[in-house]
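Laboratory data are not the source of any read-out in this text; all were calculated from the coordinates shown. Every value quoted in this text rests on a predicted model; they were computed, and no experiment measured them. Quick reminder, even Gly has a Cβ in these numbers, built from the backbone with ideal geometry, and neighbours come from all protein chains shown.
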Amino acid sequence: MSWLALELYRRGMIKFGKFKLTSGLESPFYIDLRKLYSYPDLARRVALELGRVGNVDRLDGIVGIATAGIALAAYIAALYGIPMAYVRTERKEHGTQALVEGEVQGKRVAIVDDVATTGGSIERAFKALSDVGAKPVIALVVVDREQGAAERVRRLGLELRSLITARQLFEELYRAKVIDRELLSQLLLYLESARCSSD
């Protein structure tokens, strides 16, 4: 997936510095895929590839995790012609007060998000979907930061599939001479220490 690493970097979706993540962790890099939809050709290519990796054409639906996973799920659903739903971050206090929006009861679905770190968002979506009778069978993300998400998702009985891992992403950027050996070493050391702390 060298094309993906280079496209994400070229379009400013991979940043290096000091960042606080949704999970509360601090990180020397940030992957900002919310910008992906400003580039429809790239978003379409990513959605097609993620749908292929997840064999979504064999499923009953796609479920996006709010907020970043919703647009990605919508792209995949439209491209593959399958139903889409989404899981809110918190129950709304008006109307039906639903946490899950869409028809999912009894359906085999893929949970979709942009980036996985610890897997907490995927686990919350899995529980919300299970509570309304859906059958999540796989979790799909564009980038797996390799900080415990795959293991956490596996404990739910699901497989986490990604287009690229953080390690692969950095190695591709190094091969393309976008980052130097020193930064690559720092990033890989961070990933290793983050992986060990999640075990």
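Just add up the charged neighbours of Gly12: K/R +1, D/E -1, any other residue whose Cβ is under 13 Å from the Cβ of Gly12.
Once positives and negatives cancel, what remains is +3.
Near Lys127, within a Cβ-to-Cβ distance under 14 Å, what is the net charge of the other residues, with Lys and Arg +1 and Asp and Glu -1?
Here the charged neighbours net out to +3.
Please list, in chain and number order, the residues 5+ apart from Gly61 or on another chain whose amide H is under 5 Å from its amide H, with Hs placed from the backbone.
Ala110
Compute the longest continuous run of the chain that contains no exposed trypsin sites (Lys or Arg not before Pro); treat a site as exposed when its DSSP state is not H, G, I, E or B and it has at most 11 other Cβ atoms within 10 Å.
1-90
State the antiparallel share, in %, of DSSP beta bridges confined to the range 2-190, rounding to the nearest 5.
Beta bridges within the range 2-190, antiparallel portion: roughly 25 percent.
Please list, in chain and number order, the residues 5+ apart from Phe19 or on another chain whose amide H is under 5 Å from its amide H, with Hs placed from the backbone.
Ser27, Phe29
What FRET efficiency do you get for Val178 and Arg108 if R0 is 41 Å and r is their Cβ-Cβ distance, rounded to the nearest 0.05?
So, using R0 = 41 Å, E works out to roughly 0.55.
How far, in degrees from 0 to 90, does helix 40-53 lean away from the longest principal axis of the Cα atoms of the chain, to the nearest 10?
Approximately 70 degrees, to the nearest ten.
Can you work out ³J(HN,Hα) from phi for every residue in the range 22-32, in order, using Karplus 6.51 cos²θ - 1.76 cosθ + 1.60 and θ = phi - 60°, giving whole Hz and x for Gly and Pro?
Karplus-based 3J(HN,Hα) across the range 22-32 equals 4, 5, x, 6, 9, 9, x, 8, 9, 10, 9 Hz.
Just tell me which aspartates and glutamates come within less than 15 Å, Cα to Cα, of Lys35; anything on the same chain fewer than 8 places away is out.
Lys35 reaches Glu7, Asp113, Asp114.
Would you work out if the range 143-199 is rounded, prolate or oblate? Take a ≥ b ≥ c from the square roots of the eigenvalues of the alpha-carbon gyration tensor; rounded if a/c is under 1.5, else prolate when a/b is larger than b/c, oblate otherwise.
oblate
How charged is the neighbourhood of Ala85? Take every other residue with its Cβ under 12 Å from the Cβ of Ala85, and add Lys/Arg as +1 and Asp/Glu as -1.
It works out to a net charge of -1.
At most 12 other C-beta atoms within 10 Å and a DSSP loop state: those are the exposed GluC sites (Glu not before Pro) I care about. Give me the longest piece of the chain that has none.
Of all site-free stretches, the longest is 94-199.
What is the fewest-to-most order of Ile14, Ile138, Ile122 by other Cβ atoms lying within 10 Å of their Cβ?
Ranking Ile14, Ile138, Ile122 by Cβ neighbours within 10 Å, fewest first, gives Ile138, Ile14, Ile122.
Hey, what angle do you get for helix 181-198 against the long axis of the chain, alpha-carbon based, 0 to 90 degrees rounded to 10?
40 degrees
I'd like the orientation of helix 166-175 relative to the chain: the angle between its Cα long axis and the longest Cα principal axis, in ° from 0 to 90, rounded to 10.
Result, in degrees: 40.
Is the shape of the chain best called rounded, prolate or oblate, per the rule: a/c under 1.5 gives rounded, else a/b larger than b/c gives prolate, else oblate, with a ≥ b ≥ c the square roots of the Cα gyration tensor eigenvalues?
prolate
If you stretched the chain out fully between Ala98 and Lys20, how much longer would it get, using 0.36 nm times the residue separation minus the C-alpha to C-alpha distance?
Length gained, Ala98 through Lys20: 25.1 nm.
Please give the calculated 222 nm ellipticity per residue for the chain, where each DSSP H segment of at least 4 residues contributes -39500 (n - 2.57) and the sum is spread over every residue; nearest 500 deg cm²/dmol?
After summing the helix terms and dividing by residue count, I get -13000 deg cm²/dmol.
Cross-chain or 8 or more residues apart, Cα under 27 Å: how many lysine pairs in the range 84-199 fit that? Count them up, please. Before the final figure, lay out the partial values.
On the way: Lys92/Lys107; Lys92/Lys127; Lys92/Lys135; Lys107/Lys127; Lys107/Lys135; Lys127/Lys135.
Taking the range 84-199 as the scope, the lysine pair count is 6.
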